[in-house]
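The values are calculated or read from the model by the stated rules, or taken from the named source; none is laboratory data. Note that the coordinates shown come from a computational prediction; the quantities given were computed from them, not determined experimentally. Every residue, glycine among them, receives a Cβ derived from its backbone with ideal geometry; neighbour counts consider all protein chains shown.
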Amino acid sequence: MVLTSRFEDALVFATKLHSRQTRKGSETPYVAHLLAVASIVLEHGATEDQAIAALLHDAVEDQGGLETLELIRQKYGEAVAQIVLGCSDSFEIPKPPWRERKEKYLEHITQASSSILLVSAADKLHNARSTLNDFRTYQHDVWQRFRGGMDGILWYFRALVEQFRGRVPESLLRELDLVVSNLEKEALEGRN
């Protein structure tokens, strides 16, 4: 597949939307996460719409809610907008409580399209990788970044692995499962 100027435009748009945002607890520009998710979906056979949605998957949740969704729909079409919407766990301000949002998201993805599942699994893989790497650097201090704390984050990642099982490319699931298993093992060993 050859990416067109639509992808380039979406990359610039995503970079501008998230220009003032960094990854939790770091100085890493947020666009690094968006690029990683797009890379993961492309490595697993994504269409251009899926790759564009990967770049924009957090735009509605973090950068303007339904107004941003409408802008995405106008610029990139209904298919991209539906994937982005399907990857958002909330666009309410203030956001509902963490556990409630995550439980609703897990329920939501039981009926999600293969496009939503691909982008979501890629997002969660990059999040899990980042959390594992940060845990290796900061140990248990890393959990202070997350409303769910260690137990909540480990529960959520494991529940996601189970939701994605048999529904995303096997190689993507294997990698997510391996990263989550390593995070569980290292975090729980470090707790004792």
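Quick notes on this one:
- The range 139-155 residues that are farther than 13 Å from A128 by Cα, paired with ones that are crowded, with 18+ Cβ neighbours inside 10 Å and not hydroxyl-bearing (S, T, Y) (beta carbon under 6 Å, 6 or more apart): G149/W143
- Test: residue in the range 141-154 that is modelled with pLDDT of 95 or more, assigned to a helix (DSSP H, G or I), farther than 20 Å from Q63 by Cα and within 16 Å of the chain's Cα centre (by Cα): yes
- Helices (runs of 4 or more DSSP H) wholly inside the range 55-108 that include at least 2 residues being farther than 22 Å from R23 by Cα and out of contact with any Gly (no Cβ under 6 Å at 6 or more places or on another chain): 65-76, 78-86, 98-108
- Of D89, D9, D49, all but one fail to be out of contact with any strand residue (DSSP E or B) (no Cβ under 7 Å at 6 or more places or on another chain), in contact (Cβ under 8 Å) with a residue 24 or more places away in the chain, among the charged types (D, E, K, R) and under 21 Å from F157 (Cα atoms); the exception is D89.
- Exactly one residue out of A46, A51, A38 is closer than 30 Å to G149 by Cα, surrounded by 16 or more Cβ atoms within 10 Å (Cβ to Cβ) and modelled with pLDDT of 95 or more: that is A38.
- In the range 106-162, the residues that are surrounded by 15 or more Cβ atoms within 10 Å (Cβ to Cβ), among the polar types (S, T, N, Q) and farther than 11 Å from L176 by Cβ: S115, S130, T131
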